[in-house]
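Report on the structure given below.
The values are calculated or read from the model by the stated rules, or taken from the named source; none is laboratory data. Keep in mind the model is a prediction, meaning the values are calculated, not measured. Neighbour counts run over all protein chains shown; Cβ positions are idealised from the backbone, glycine included.
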């Protein structure tokens, strides 16, 4: 009889259980991450104990963290975050410092040792880049102003975590000039390697490998492992290496294609990672010490961190709604928190009971993130009612939004055209019609607003729940309302709201799916265009015209289309 390796069955159990509970989570309309964690609880010591040797799954879960951070690194564009550098760098460092100090002081007050308290301080200080990026991406908010701030803060936290991990592993490094010098050289060396590969090596390799699909995939995966090896050889964790490796690919041509190729292997190992988190939970959590620390740590994550980020963002001039969104979006512990906790346990610097408490807090906070992000507008309104309006200092608190919220007077807004969504589709329409009527474009991306304003097109910032701006746009006096935003649910709500205000308003909407198009028509949209259908019809018309006349027809908005093509093509080139 052939003996089947234990690792094969263990991996099979993890994937099968993850799949089953992910189905259940989707049926119950809950985030799939909850399903993965419940699957781990069922497989682990609290459940049926189907996984006997956790060491095997632990190795695979480390790969899950590594590929998650590799993918995150590939999606980071420093140039798009640099305009907020003062807010995100100073604010991010302040939040980390305040949280780490507060937690470590509280823990020492309750009798924990210095190193163990410092570990807990940093575990609670970091937020999950992977989770917030995935949620913001799924909800089509990743390009919004508030999302850029969230990702900026999270990126600062990740870079600090990269530095803190090896320092806590060897605390004597801080007190030893020689060890500290070696540590700094290692960090500088890793980032220097990333820079060299990004500028000189990866552009050539990726362009060559792109000619063959299989080779391109292997090159992308190998890039991740290469930086894992670099990091490990310098004494850093493989997660740190993977993250820096992702950064080195972020500005390389074909990086978007590379990311799309590794998404499946990332999702597979990420599933193993989240299931393994559930497997690590044990009943030792219910010790007296843990029951004392548990509510304190939860309060740090759900109250202290959001409040710190709220006040930093508010006083930076981005307004209370964005401040609440940022604070609540980052109200969870990080993948690095998990790595820190496991490192402390393995090194004997963190007790098993405290480790279990930290893991429970990490998991609960991660699971809560989608709900907190969705509830942020209601939470902001709730506190607004309790503490009163900040109209007295509104100009100060919203000073960064001023240039994006200036509108013509209500008397000027009659017979105008409102466009919700200033991407390629919306910008093209605005540019083509700007000489025919007054155009108001509403978008959440500051880069889009700046480009439109430079063309003398009025473009204003508004989140999807900013009723104040929508009222000032005077939809009741508008002639046409064009909705190009990708989120169908938001588009439907806007259609319904606009028709109530102005039944005679002509509403034109873009939809990507047939179901969405039908719901938009049911919501009283006047004209719904689907790119997939429109593209086929346009191409067919061009072919028929060519057959009849022998000439290729000149497409509408050709000049604008070519300009956009040149801009987007330039963005795809390596920098």
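The rows are residues; the columns are (1) under 26 Å from the mean Cα position of the chain (by Cα); (2) over 18 Å from residue 147 (Cα atoms); (3) in a helix (DSSP H, G or I); (4) touching a residue at least 40 places away in the same chain (Cβ under 8 Å).
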{"site": "45", "(1), (2), (3), (4)": "no, yes, no, yes"}
{"site": "55", "(1), (2), (3), (4)": "no, yes, yes, no"}
{"site": "61", "(1), (2), (3), (4)": "yes, yes, yes, yes"}
{"site": "87", "(1), (2), (3), (4)": "yes, no, yes, yes"}
{"site": "106", "(1), (2), (3), (4)": "no, yes, yes, yes"}
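Would you tally the residues in segment 455-494 being modelled with pLDDT of 80 or more and either more than 21 Å from residue 517 (Cα to Cα) or over 28 Å from the mean Cα position of the chain (by Cα) (or both)?
Selection size over segment 455-494: 16.
Inside segment 446-460, can you point out the residues that are outside any helix (DSSP H, G or I) and either closer than 14 Å to residue 484 by Cα or in contact with a strand residue (DSSP E or B) (Cβ under 7 Å, 6 or more places away or on another chain) (or both)?
Answer for segment 446-460, where residues must be outside any helix (DSSP H, G or I) and either closer than 14 Å to residue 484 by Cα or in contact with a strand residue (DSSP E or B) (Cβ under 7 Å, 6 or more places away or on another chain) (or both): 457, 458, 459, 460.
Residues 205, 201, 123: which one is farther than 30 Å from residue 487 by Cα and under 26 Å from the mean Cα position of the chain (by Cα)?
123
Out of all the residues in segment 27-36, is one or more assigned to a helix (DSSP H, G or I) and more than 30 Å from residue 374 (Cβ to Cβ)?
Within segment 27-36 (the criterion being assigned to a helix (DSSP H, G or I) and more than 30 Å from residue 374 (Cβ to Cβ)), the answer is no, since none of the residues qualifies.
Grab the helices (runs of 4 or more DSSP H) fully contained in segment 119-233, keeping just those with 1 or more residues being closer than 30 Å to residue 372 by Cβ.
Counting at least 1 such residues, we get 129-138, 145-169.
Determine which single condition residue 434 fails, assuming it passes every other condition in (1) at pLDDT 75 or above; (2) in contact with a strand residue (DSSP E or B) (Cβ under 7 Å, 6 or more places away or on another chain).
That leaves (2) as the condition not met.
Under 8 Å between Cβ atoms, at least 6 apart or on separate chains: pull out the pairs that start in segment 181-208 with a residue that is assigned by TED's automatic domain parsing to the domain that holds residue 232 and end on any residue that is part of a helix (DSSP H, G or I) and surrounded by fewer than 18 Cβ atoms within 10 Å (Cβ to Cβ).
183/167; 187/163
Given the residues 148, 134, 140, which is the only one that is under 15 Å from the mean Cα position of the chain (by Cα) and at positive phi?
None of the other options fit; the residue is 140.
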